Structures are given as structure tokens and as C-alpha cells.
DNA sequence: GTCTATACCAGGATAGAC
DNA sequence: GTCTATCCTGGTATAGAC
């Protein structure tokens, strides 16, 4: 299979997914029709079905892009030097979310959809596992270096704390999506500082 | 309008909404067809359209039930005596959620849908406003009685802290919905204790 | 008030020309 | 590889009998 053609295929799929994402943002996954995606992409029905076999395949690709985009350098989280404070760590996660999506509404839509769609559920579960593991690892190192805890103690505490840090990120997304007058900066600066250290 | 007939109307609507809720939980709002709601309710199409004019009206009624059910005695939050600790307060909110819904997945579905549906957005925004106000009021009183802050200082701090407490509730719902191995009790007992006092 | 049957329409997917 | 035209399913809502 020629490399150029394969690259072309990937690019085209990506174009289509981006067009679909713009539609999904406005109308949600199920209420967006193929006709809208076709029109938004500037392509034709036949062309699109050459790259995807069904609408649900497009939904899955779009959700994957939404959910994974902001996690590029997650693995470096526990290796940063100097180590950021916990609240600073959460701030970084949220900033990544904002950089990658402009508005976190898309990710809340994915979560809602995942409640009834096994493929999306698996996708989200996988992401959350990675995210939680990374947070635990970071916290573990932080507790050791900052408070001199032994490794086992640091680990125990990290496992307890991690879900709350995860909630701080998820809560940001939910409140940003649903509060008309949500104050992003206040949340990021002052509210997050209330997290444990 | 006769009282009995009016009560009958309310009861029937409620029956229909409950049937719809069971369907929505399985398939989501948009992917559930009227045929499924009709079958689940045991009624007929004609009967249902006598009580609701459209599917979206049923969705709105169902979402309203999901989103408001767990907030019955929210106003008493700041008047409890003795005052619960902040973490205990959050625990109470989450327990209310679990009592009212069994699984919080439904509420995550509503949030996702609200991202693209103005009527649901307004519904959720209203609820969150009430919830945040109640939390601020509670925290304000807690900071005064527990730490002896002046009313203005207590208010300032409460406004800063409230979004994070809200996140603790929202994060519970999201993680419970999406983590296969989410440990509810660990979150409620140990994790929540990490919240500021 | 409720049921059955059905009209009507929109949506996803495809066939076949270019 | 891509476009147009179209098929056909399945969905919402209603009409009319009981």
C-alpha cells in the first residue's frame, strides 16, 4: 500500500471528523444528521461513506479525538522538575483541556453519551484509568519529596486523594458547560488552591 | 376543572415519565424511540399523546425529575443543628443523589444533553444556582461558627470554596458512571475527608 | 379516554454514472 | 475517488373507531 495514499486517507478522515465535530458541538451526537455532516464537510455522501462505514463510526472517531487530545504529555506529569504544586498540576490539566477544545462542553457530551454507549464507555474508562494512574504517580512523588513520606505511605495517601483531584478537573468541565456566569479564572486560581497539599 | 380528574392527569403523566426514564437509562434520550416508551408504559400512542404533545416534552419532564429529585431539603442545609462538617455536607448531597436515582448515570446524561439543548441548559443552570447558593450559605455559617471568621471574611472564603465542593459532587457522578471499578464508599469516606475545613 | 392503523417525513445508507 | 439521485427503513404524530 503506497505511503502517500495512506496519508491521504488519514487526512481525509481527519477533515471529516473535524466537520462532524463542529456539527456535534451545535446539535449533539444523535441529533446531528449525516446530511449536516456532509454539508459541513463540503464533501458528498458517497465520499464520506468511502472513509467511514457508518455514522456511529464517525461518532466514535470524534469522541476519541475529544477525549484524548488534551492528554498528550500526561506521562511527563510525574517527571516535571521542579515539581508543580498539586493545585498547579490540576491547573495544567485544565489548561490542556481548554487549549485542545476551546470549550469543555464537548467532553461533557461524550460522558453523557458514554452512559449508554459501550464503545464510548470503554474509551472513557481507559482515559480515566490513565489519568488516575498519572495523578497517583505524581502525588506519590510529591508526598515523598514535599512531606517526606515513605513510599508506601505516600502511595496510600495518593490513592485516597486522586479521585478528588480528578473531580476538580471534571467539575471544571461541568460547571464551565452549564453555568452561564462561570468564572474560569477564579476557579483556576483561587478555588483550586483549596485542594490539599 | 374537577380535582379528581386533575389528579388523575398528574398521576398518568408521572407513570409515562417513569416508563420513559427506564428507556432513557438504557438507550439515552435521542436514541429512545416513542415506540419503546409506548411499549414500556403499557399504554398506546394515542393515550400518550393525550398527555404530552411531543417527545421533547417528555424528555424535559424526565430530565426535570432526574435533576430536581435529590434536592428536596436543600434549604435546610445551612440550618442543621449541629452543623455537619463540610465533607459530611457533601456526603449528604451525594447520598441524596443515590437515594433518588440509584445510579447517577442519568444525571450525567442530562448534563451532556444540556450542552446542546437550551431548555435543559436553563433547567440545569437553575439547579446549580440553587445548589451553589445553598453551599455558600452553609459554608459561610460553618466558617463563622467553627473558625470565628467575620461575616464578610466568611462570605469571601465561601464563594471561593463552593465551586470545589460542587466539583466533589459532580466528580462523584462522573466517576461512578464511567469507572468500571469505582469505589463509592472509599470516595465518600476517605477521599471527601481531604476537602478543606 | 384509549386503542389501532396509518400518514407522512426524515434519516442513513447505497447504486451507478462520471 | 467522488457526486447525484434514490431507496427504504424506522420514526413521530394523528385520524378515526370504539
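Each reported figure results from applying straightforward, stated rules to the coordinates on display, with no laboratory input. Owing to the predicted nature of the structure, the values given are computational and were not obtained by experimental measurement. Don't worry about glycine lacking a Cβ; one is built from the backbone with ideal geometry, like all the others, and counts go over all protein chains shown.
Shielding by partners for B:119-130, please: the mean number of other protein chain Cβ atoms within 10 Å of each residue's Cβ. Provide the component values of the computation, followed by the final result.
Working: counts 0, 1, 5, 2, 1, 4, 5, 0, 1, 6, 3, 0.
Neighbouring Cβ atoms belonging to other protein chains average 2 per residue here.
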Compute the separation of the alpha-carbon centres of the stretch A:1-78 and the stretch B:38-88 and state it in Å as a whole number. 35
Just to confirm the numbers: residue B:46, label point 7 angstrom along the Cα-Cβ line, distances to the other copies in nm, shortest first? 4.7
What distance in nm lies between label points placed 7 Å from Cα along the C-beta direction at residue B:81 and residue B:119? 4.4
Given just the C-alpha atoms of the stretch A:35-88, how large is their convex hull per residue in cubic angstrom? 131
Ranked by Cβ crowding within 10 angstrom, fewest neighbours first, how are A:120, A:71, A:80 ordered? A:80, A:71, A:120
Helix A:55-68 sits at what angle to the longest principal axis of chain A, using alpha carbons and giving 0 to 90 degrees rounded to 10? 30
Roughly speaking, what is the stretch gain from residue B:145 to residue B:133, that is 0.36 nm per residue apart minus the C-alpha to C-alpha distance, in nm to one decimal? 2.5 nm
Taking 2.2 N^0.38 Å as the expected size of a compact globular protein, what ratio does the Cα radius of gyration of chain A give against it, to two decimals? 1.19
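So what is the 222 nm mean residue ellipticity for the protein assembly as shown from helices alone, if each DSSP H run of at least 4 adds -39500 (n - 2.57) and you divide by all residues, rounding to the nearest 500 deg cm²/dmol? Working shown, then result.
Values: 17 runs with 280 residues, N = 394.
Computed mean residue ellipticity for the protein assembly as shown: -23500 deg cm²/dmol.
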Residue span residue A:7 to residue A:95: 0.36 nm per residue of separation minus Cα-Cα distance leaves a gain in nm of 28.6 nm
Using a 10 Å cut-off around each Cβ of peptide A:103-111, what is the average number of partner chain Cβ atoms that fall inside? 4
So, in nm, how far is label residue A:31 from label residue A:88 when the simple model puts each one 7 Å beyond its Cα toward the Cβ? 4.3
Taking the Cα centroid of the stretch A:114-174 and of the stretch B:134-197, what is the distance between the two, rounded to the nearest whole Å? 18
Of all the residues in chain A, which one has the C-beta that comes nearest the axis relating A to B, and what is the distance in Å? A:112, 1
Let me know the shape class of the protein assembly as shown, please: from the alpha-carbon gyration tensor, a ≥ b ≥ c as square roots of the eigenvalues, rounded when a/c is under 1.5, otherwise prolate if a/b is greater than b/c, or oblate. oblate
Report, as an integer, the average count of C-beta atoms from other chains found within 10 Å of each Cβ along B:174-184. 5
Mind pulling the angle between the C-alpha long axis of helix A:105-114 and the longest principal axis of chain A? Nearest 10 degrees, somewhere in 0 to 90. 80
Provide an ascending nm list, one decimal, of label-point separations from residue A:118 to the equivalent residue in each further copy; define each label point as 7 Å from Cα along Cα→Cβ. 3.9
Taking a ≥ b ≥ c as the square roots of the Cα gyration tensor eigenvalues, with a/c under 1.5 meaning rounded and otherwise prolate when a/b beats b/c or oblate if not, the stretch A:129-197 comes out prolate
Can you list, shortest first in nanometers, how far residue B:189 lies from the same residue in the other copies, with each label 7 Å from Cα toward Cβ? 4.0
For helix A:3-27, what angle does its Cα long axis make with the longest principal axis of chain A, in degrees from 0 to 90 and rounded to 10? 80
